[in-house]
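Novice: Structure provided below as structure tokens; questions to follow.
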Amino acid sequence: MSILLPLYLYPWPGVWDPLYTAATTHPLVNFTVVLNPCSGPCTTRPIEPPYLLEIPKLALYPNIRTLGYVATNYTSKPLSDVIVEIQAYANWTSILNDSRVAVDGIFFDEVPGPYDWRKYDYLKLAQSEVKSWEGLVHNPGTIPDRIWNYMNLTDITIIFENTFNAFLDRPTFDTLSGFQTAAERPKSQLALMLHTLPNFTDGMLRCMVKEMEGMVDWIYVTGNGVKDEYWHSFSSLFGGFVKAVDE
């Protein structure tokens, strides 16, 4: 099992240190972190200095790989704008003259859930722009249809992004438990992201991680529960969560 971490925290000094500590303490845990310096790659303004200081540090850890954030606005964003953002990430190393800022893949946020052939064509064209990279992640945030979906266009799909309480809803939990079999997809292609967790003990975290492990190979959880701020800080659960993943 691996951790898919939306690193949307502004990198003031020390803010990303919990990630560095976790990667060092748990060298067998793989972290895939999503970089999002300007709600994208900063195509209209320079990347701010704190990012230029912290992003290269991620390359020091062999168990951390990076993805560049690109929102598709549920395919309402002009495809040409999406391609410009993808190419901007590809050009980071030359523009910044630093090989350590290279991203390993792309994270498409706000991917549509319900199937539509026009949206499929849009996402297929977007996919063609990232074929040479190591990874592509889709985030519809909702459980896809087991047959009519976009999952063949990506390496990993986040099949659920919601509160812990929503995850525990019996019909939702049962659907997630059976999704891998019903959709005939390996767990390595599936991810879960949960927020608004209670202040769990480490033992309770281990139980929850074990349940998630039966559903997917990629997970992230946080105790943060403020709307639109779920992924903007490390919660007090982070250390215990990484430890549970490592066990």
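Every number in this text was worked out from the coordinates using simple rules, so none of it is lab data. Fair warning: this is a prediction, and the values are worked out from it, not measured in the lab. All Cβ positions, glycine included, derive from the backbone under ideal geometry; neighbour counts span all protein chains shown.
Novice: Would you please put 214-220, 179-185 in order of how densely packed they are, using the mean number of other Cβ atoms within 10 angstrom per residue and starting with the highest?
Specialist: On the way: 214-220: 21.6, 179-185: 15.3.
Taking the mean over residues of other Cβ atoms within 10 Å, the ranking is 214-220, 179-185.
Novice: For the peptides 7-19, 96-108, what is the packing order when you average, over each peptide's residues, the other Cβ atoms within 10 Å and list the highest mean first?
Specialist: On the way: 7-19: 15.7, 96-108: 18.5.
The most tightly packed comes first, giving 96-108, 7-19.
Novice: Using a basic spin-label model with each label point 7 Å from the Cα along Cα→Cβ, how many nm lie between Asn199 and Ile83?
Specialist: Computed distance between label sites Asn199 and Ile83 equals 5.2 nm.
Novice: Another one. Which lysines, if any, have their Cα less than 29 Å from the Cα of Lys227, not counting same-chain residues under 8 positions apart?
Specialist: Partners within reach: Lys77, Lys119, Lys187, Lys210, Lys243.
Novice: Now for a separate question. Residues with beta-carbon under 14 Å from that of Met1, excluding Met1: net charge, scoring Lys, Arg +1 and Asp, Glu -1? Present the calculation step by step, with values, prior to reporting the outcome.
Specialist: On the way: positive: Lys187, Arg206, Lys210, Lys243; negative: Glu211, Glu213, Asp217, Asp246, Glu247.
Counting the neighbours of Met1, the net charge comes to -1.
Novice: Roughly how big is the chain's charge dipole about its Cα centre, with Cβ charges of +1 (Lys, Arg) and -1 (Asp, Glu), in debye to the nearest 20?
Specialist: Once rounded to the nearest 20, the dipole reads 140 debye.
Novice: How do the peptides 46-52, 168-174 rank, highest first, by the average count of neighbouring beta carbon atoms within 10 Å per residue? Let's see the in-between values first.
Specialist: Details: 46-52: 14.1, 168-174: 11.3.
Ranked from most to least packed, the peptides come out as 46-52, 168-174.
Novice: Can you classify segment 168-245 as rounded, prolate or oblate using the Cα gyration tensor, where a ≥ b ≥ c are the square roots of its eigenvalues, rounded means a/c under 1.5, and otherwise it's prolate if a/b beats b/c and oblate if not?
Specialist: On the way: a/c = 1.88, a/b = 1.63, b/c = 1.15.
Prolate shape, in that a/c is at least 1.5 and a/b is the bigger ratio.
Novice: Additional query: Using the reciprocal of the averaged 1/r over all distinct C-alpha pairs, how large is the Kirkwood radius of segment 2-246 in Å? Please list the in-between numbers first.
Specialist: Working: mean 1/r = 0.0543 Å⁻¹.
It is 18.4 Å.
Novice: Check the chain for me: any Cys whose beta-carbon has no other cysteine beta-carbon within less than 4.7 Å?
Specialist: Cys207
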